[in-house]
Amino acid sequence: MTTHPNQPVTAGSIDEWIDLIRSKFVALDIAPQTASELREPLTGTVWNRQLGHLSAAEVSSAPQVFTRSKRLVAAEPAELFQIGLVTQGSGHLIQDGRSCNVEVGDFAVYETARPFRWQLDGDWKLLVFTWQREAIALERFESEQITALRLPGNSGISGILAHALTDVVNLGSDVSAASGIRFADELAAMAVTAGLEQREITASTQSLTKRVLHFIELNLADPLLDPQHVADHFFISTRTLHRLFAREGETVANWIRGRRMEKSRHALLVEPNSSISTIIARYGYFDLAQFSRNFTTRYGVNPTQFRARCH
């Protein structure tokens, strides 16, 4: 392991890397993501600077998983409040029953007094900002609501904070001790504000998504049901509506088609005496030939064959 004052510290093996991470942050279980990577020497680099009671570090290495287990929390307790900001590659953070994907420019909050897991993909770089937990004006029940939330680096309060945090790492001039302490406190306060704001946005988004899904379910028979119709009902733009579904890797139109098809399939199964045309009209289908083609594509058999197999 190479060490020089105010210079990056590089570990040349997995054992050195584990020791380096423990010395700079906390004890973590570290594992490459694949068996092939396990056979390669795992190297990594940490560069850090101090600003008052804030430690700012740039960490880089190959794809791997960092785990702060219950065992490590109990064996080597440390109460730190941390932010991880991705500048290269991508990350996935799990803590307090939530998970989030963190792309370049985005960041997330986590705490070392409770278990967490970071998966970092690609040749990644992560800016890690660390405060002693006692320096953060945030109750535990509140902190458990802001950990593992993706905080976007390109908009809102979190966007302003992302730029400020990046500037801290790149700050070339010296800062007086008093100014460093004040600035560290201000950054911590902004981090709490950004986290609490994102919590509210997330809760509001989840509530709206639930209401949208319920509305779609109640209106599957309406042939006019489409993204514009749904957006108009909730007085939101279609762009906002599409963003709600994009969070789940889905599109509005595909969701509507999928629910109509699944409802029709179930009715075909439990209503053997109802005609196919009667059933599908109930769920917004009026072209039997098109429905049959779509059904066959989705389930591998046409509606008549499906009924014959199930009865």
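Might you check whether a residue that is aromatic (Phe, Trp, Tyr), surrounded by 14 or more Cβ atoms within 10 Å (Cβ to Cβ) and part of a helix (DSSP H, G or I) occurs anywhere in the stretch 268-284?
Within the stretch 268-284, not a single residue is aromatic (Phe, Trp, Tyr), surrounded by 14 or more Cβ atoms within 10 Å (Cβ to Cβ) and part of a helix (DSSP H, G or I).
Conditions: (1) surrounded by 19 or more Cβ atoms within 10 Å (Cβ to Cβ); (2) modelled with pLDDT under 95; (3) in a strand (DSSP E or B). Ala108 meets all but one. Number of the miss?
Unmet condition: (2).
Just checking, does the stretch 145-154 include any residue being over 19 Å from His92 (Cα atoms) and in a helix (DSSP H, G or I)?
No - not one qualifying residue is present in the stretch 145-154.
Output the residue which, of all residues in the stretch 111-141 that are outside any strand (DSSP E or B) and of a type outside the set (A, V, I, L, M, F, W, C), is most open to solvent (accessible area, probe 1.4 Å).
If we filter the stretch 111-141 for residues that are outside any strand (DSSP E or B), which is where we start, we get 112-115, 133-141.
This time we only want the ones that are of a type outside the set (A, V, I, L, M, F, W, C), so: 112, 114-115, 133-134, 139-140.
Values: Thr112: 0, Arg114: 16, Pro115: 54, Arg133: 30, Glu134: 170, Glu139: 112, Arg140: 140 Å².
My answer is Glu134.
Looking only at residues that are assigned to a helix (DSSP H, G or I) and either basic (Lys, Arg) or modelled with pLDDT under 90 (or both) in the stretch 214-244, which one is surrounded by the most Cβ atoms within 10 Å (Cβ to Cβ)?
Here the answer is Leu244.
What number of residues within the stretch 165-184 are open to solvent by less than 70 Å² (accessible area, probe 1.4 Å) and under 28 Å from the mean Cα position of the chain (by Cα)?
Of the residues in that region, 5 qualify.
Keeping to the stretch 229-254, report how many residues are touching a residue at least 40 places away in the same chain (Cβ under 8 Å) and touching a Leu at 6+ places or on another chain (Cβ under 8 Å). Break it down into steps so the answer makes sense when it comes.
Taking the stretch 229-254 first, the residues touching a residue at least 40 places away in the same chain (Cβ under 8 Å) are 247.
Going one step further and asking which of them are touching a Leu at 6+ places or on another chain (Cβ under 8 Å), we end up with none.
Looking only at that region, the number is 0.
Would you check if there is a residue in the stretch 62-73 being modelled with pLDDT of 95 or more and among the hydroxyl-bearing types (Ser, Thr, Tyr)?
Within the stretch 62-73, one or more residues are modelled with pLDDT of 95 or more and among the hydroxyl-bearing types (Ser, Thr, Tyr).
Test of understanding: among Glu197, Glu144, which residue is open to solvent by 50 Å² or more (accessible area, probe 1.4 Å) and within 15 Å of Tyr110 (Cα to Cα)?
Numbers: Glu197 fails: within 15 Å of Tyr110 (Cα to Cα).
After ruling out the rest, the residue left standing is Glu144.
Could you identify the single residue in Thr209, Thr166 that is in a helix (DSSP H, G or I) and either more than 13 Å from Phe107 (Cβ to Cβ) or aromatic (Phe, Trp, Tyr) (or both)?
Just one listed residue meets the conditions, Thr209.
Within the group Arg98, Arg117, which residue is touching a Phe, Trp or Tyr at 6+ places or on another chain (Cβ under 9 Å), over 20 Å from Met190 (Cα atoms) and among the basic types (Lys, Arg)? Give the derivation first.
Working: Arg98 fails: touching a Phe, Trp or Tyr at 6+ places or on another chain (Cβ under 9 Å).
Every option except Arg117 fails the conditions.
Looking only at the stretch 251-261, count how many residues are open to solvent by 50 Å² or more (accessible area, probe 1.4 Å), over 15 Å from Thr296 (Cβ atoms) and outside any loop (DSSP other than H, G, I, E, B). I'd like the intermediate steps shown before the answer.
So in the stretch 251-261, the residues open to solvent by 50 Å² or more (accessible area, probe 1.4 Å) come out as 251, 254-255, 257, 259.
Filter once more, so that each one left must be over 15 Å from Thr296 (Cβ atoms): 251, 254-255, 259.
Subset that is outside any loop (DSSP other than H, G, I, E, B): 254-255, 259.
The number of residues fulfilling the criteria is 3.
Taking Arg49 as meeting all but one of (1) at pLDDT 95 or above; (2) closer than 30 Å to Asp174 by Cα; (3) not polar (S, T, N, Q), write down the number of the exception.
(1)
Can you run down the residue pairs with Cβ atoms below 9 Å, 6 or more apart or on separate chains, where the first is in the stretch 203-223 and without any contact (Cβ under 8 Å) to a residue 40 or more places away in the chain and hydroxyl-bearing (Ser, Thr, Tyr) and the partner is in a helix (DSSP H, G or I) and open to solvent by less than 50 Å² (accessible area, probe 1.4 Å)?
Close Cβ pairs (under 9 Å, with a partner that is in a helix (DSSP H, G or I) and open to solvent by less than 50 Å² (accessible area, probe 1.4 Å)) amount to Thr209/Leu244; Thr209/Phe245.
Please verify whether Phe81 is of a type in the set (Phe, Trp, Tyr), assigned to a strand (DSSP E or B), in contact (Cβ under 8 Å) with a residue 12 or more places away in the chain and farther than 29 Å from Ile181 by Cα, treating the condition exactly as stated.
no
Within 26 Å of the chain's Cα centre (by Cα), at pLDDT 90 or above and surrounded by fewer than 17 Cβ atoms within 10 Å (Cβ to Cβ): is that true of Gly156 in this structure?
No: the conditions fail for Gly156.
Of all residues being part of a strand (DSSP E or B) and open to solvent by 60 Å² or more (accessible area, probe 1.4 Å) in the stretch 85-105, which is farthest from Asp29 (Cα to Cα)? Just the residue, please.
For the stretch 85-105, the residue satisfying everything is Gln88.
Can you name every residue in the stretch 69-84 that is more than 18 Å from the chain's Cα centre (by Cα) and either open to solvent by less than 30 Å² (accessible area, probe 1.4 Å) or hydrophobic (A, V, I, L, M, F, W, C) (or both)?
Of everything in the stretch 69-84, those that are more than 18 Å from the chain's Cα centre (by Cα) and either open to solvent by less than 30 Å² (accessible area, probe 1.4 Å) or hydrophobic (A, V, I, L, M, F, W, C) (or both) turn out to be Ser69, Leu72, Val73, Ala74, Ala75, Ala78, Leu80, Phe81.
The values are calculated or read from the model by the stated rules, or taken from the named source; none is laboratory data. These figures come from a predicted structure and were not determined experimentally. Cβ atoms come from the backbone with ideal geometry, glycine included; neighbour counts cover every protein chain shown. These accessible areas exclude ligands, DNA and RNA; they are computed on the full protein's heavy atoms, side chains included. Shrake-Rupley method; radii C 1.70, N 1.55, O 1.52, S 1.80 Å.
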